[in-house]
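Shown next, in structure tokens, is the structure this report addresses.
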Amino acid sequence: MRHLISPLDFSVEELDQLLQLANDIEKNPERYKKACSGKKLATLFYEPSTRTRLSFESAMLNLGGSVLGFSEATSSSAAKGESVADTIRIISCYADICAMRHPKEGAALVAAKHSKIPVINAGDGGHQHPTQTLTDLLTIKSLKGRLDNITIGLCGDLKFGRTVHSLIHALLRYDNVRFILISPPELKVPKYIIESIEAAGAHYEEVTKLENVIGKLDMLYMTRVQRERFFNEEDYIRLKDSFILDKKKMSLAKEDMLILHPLPRVNEISVEVDEDPRAVYFKQAQYGVYVRMALILTLLEVTV
Ligand code: CP
């Protein structure tokens with residue numbers, strides 16, 4: 001039985017197969033509509049979510065399966081003190097596969113150790129968000145045609161941004177990926193991520209001004225400054241509008257630079273940018289359904 005806890009749990013070859021399956025699902029949805037008939041997905045969300053939870057549920061329903069779960073810790077027995085380990089033992093009796101989001105780093109790993117069903121990490125604190133990474137990789141591969149030979153700018157909250165941490169680790173496995181890390185000094189990428197980049201021998205720069213580097217990028221991955229990860233409101237207010245992507249900054253970008261964002265956005269991308277054909281963040285959310293369908297099929301070992 002396999003789980004997905006980190007984006008590195010799949011080899012590059014397995015990832016390639018998963019992305020191909022997602023592309024086939026996009027082209028031939030009818031072929032898959034009964035693939036998970038009789039199977040159940042549990043969504044255990046101890047933190048808020050729109051895209052991840054609902055795209056997982058949409059994915060399982062598209063495959064002909066059923067869904068159950070909770071969308072906040074207060075409506076589960078976690079509110080009475082039940083541990084993640086005990087909860088997953090119980091969920092293993094009720095469902096065939098589960099997706100879990102939790103505010104604590106490592107929670108999904110703990111769940112996997114006590115589970116009888118595949119566990120998918122749907123975000124653990126500021127640590128990892130592997131299914132967002134699958135979504136990002138599918139978006140880049142589908143719209144750019146490649147995952148190697150790219151210069152990607154990651155902008156915003158690079159300290160707490162689990163989507164950024166997972167994406168960097170995943171892209172380090174492809175040739176000639178150059179990282180431009182754009183953040184205020186207080187929200188720089190953690191040291192362990194920099195060490196991974198250096199160990200892989202990849203190029204990186206850390207800068208504080210988006211407009212100085214936007215012209216070099218093939219891809220710009222914008223992120224939100226996450227209020228919920230700050231210990232003090234003053235710091236959040238001081239940093240929250242550090243970067244705002246608007247039409248003026250976009251005029252400095254390449255004509256084929258893609259803008260990705262895991263969403264939700266707050267202020268960091270002006271709504272005037274939404275009409276720009278380079279803005280693909282809503283399309284990215286749609287790719288999230290196809291790739292989660294492919295992931296469910298893969299972990300449940302269902303072949304169509
Ligand atoms: N991208 C993402 O994780 O969005 P949600 O928090 O809405 O699930």
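Things worth noting here:
- What separates the Cα centres of segment 211-288 and segment 162-200 is a distance of 17 Å.
- Radius, Kirkwood style, for segment 129-196 when every pair of distinct Cα atoms is counted (Å): 12.3
- Quarter of the Cα convex hull surface for segment 1-62, i.e. its orientation-mean projected area (nm²): 5.4
- For segment 148-255, the spread of Cα coordinates along the three principal axes comes to 40, 34, 17 Å, biggest extent given first.
- Its Cα gyration tensor gives segment 206-254 an equivalent ellipsoid. The semi-axes, each the square root of 5 times an eigenvalue, are 25, 10, 9 Å from largest down.
- Distance from the C-alpha centroid of segment 8-24 to that of segment 84-121: 23 Å, rounded to the whole angstrom.
- Taking Cα atoms only, the orientation of helix 12-27 departs from the longest principal axis of the chain by about 80 degrees.
- Computed log₁₀ I(q)/I(0) - Debye formula, equal Cα scatterers, no solvent, the chain, q 0.07 Å⁻¹: -0.26
- Computed over the chain: relative contact order in percent, which uses C-alpha pairs under 8 Å that are six or more apart: 20
- Of all DSSP beta bridges in the chain, antiparallel share, percent nearest 5: 5
- Label-to-label distance, nm, for residues given as ASP235 and GLU105 (7 Å Cα→Cβ offset): 1.4
- Cross-link pairs LYS216/LYS283; LYS144/LYS209; LYS39/LYS116; LYS216/LYS248; LYS209/LYS249 - those with Cα-Cα distance over 18 Å: LYS216/LYS283; LYS144/LYS209
- Relative contact order computed over segment 193-300 (Cα-Cα under 8 Å; 6+ residues apart), in percent: 27
- Neighbour cut-off at most 16 other Cβ (10 Å), DSSP loop, trypsin sites (Lys or Arg not before Pro), segment 11-77: LYS33, LYS34
- Amide H contacts of ILE259: LEU220, ALA279, VAL280, each under 5 Å away and 5 or more positions distant or on a separate chain (H built 1.01 Å from N in the peptide plane; Pro and chain starts excluded).
- In a DSSP loop and with at most 13 other Cβ atoms within 10 Å, the GluC sites (Glu not before Pro) in segment 246-279 are GLU255, GLU275.
- The angle between the Cα long axis of helix 51-62 and the main principal axis of the chain comes to about 50°, on a 0 to 90 degree scale.
- Three-way shape label, segment 209-304, alpha-carbon gyration tensor, a/c 1.5: oblate
- Cubic angstrom per residue, convex hull over Cα atoms of segment 34-163: 127
- Put a plus charge on the Cβ of each Lys and Arg, a minus charge on the Cβ of each Asp and Glu, and nothing anywhere else: the dipole of the chain about its Cα centre is then about 560 debye.
- Summing Cβ point charges (Lys, Arg +1; Asp, Glu -1) relative to the Cα centre of segment 101-163 gives a dipole of roughly 160 debye.
- Segment 82-104 residues near the modelled GLU14 label - backbone nitrogen below 18 Å, point 7 Å along Cα→Cβ: 97-100
- Dipole-positive endmost among VAL189, THR139, HIS102 within the chain (Cβ charges, Cα centre): HIS102
- Normalised contact order of segment 240-304, rounded percent, pairs of Cα under 8 Å and 6 or more residues apart: 34
Where a number appears in this text, it was derived from the coordinates with a stated rule and is not lab data. Small disclaimer: the values here were computed from a predicted structure and weren't measured. All Cβ positions, glycine included, derive from the backbone under ideal geometry; neighbour counts span all protein chains shown.
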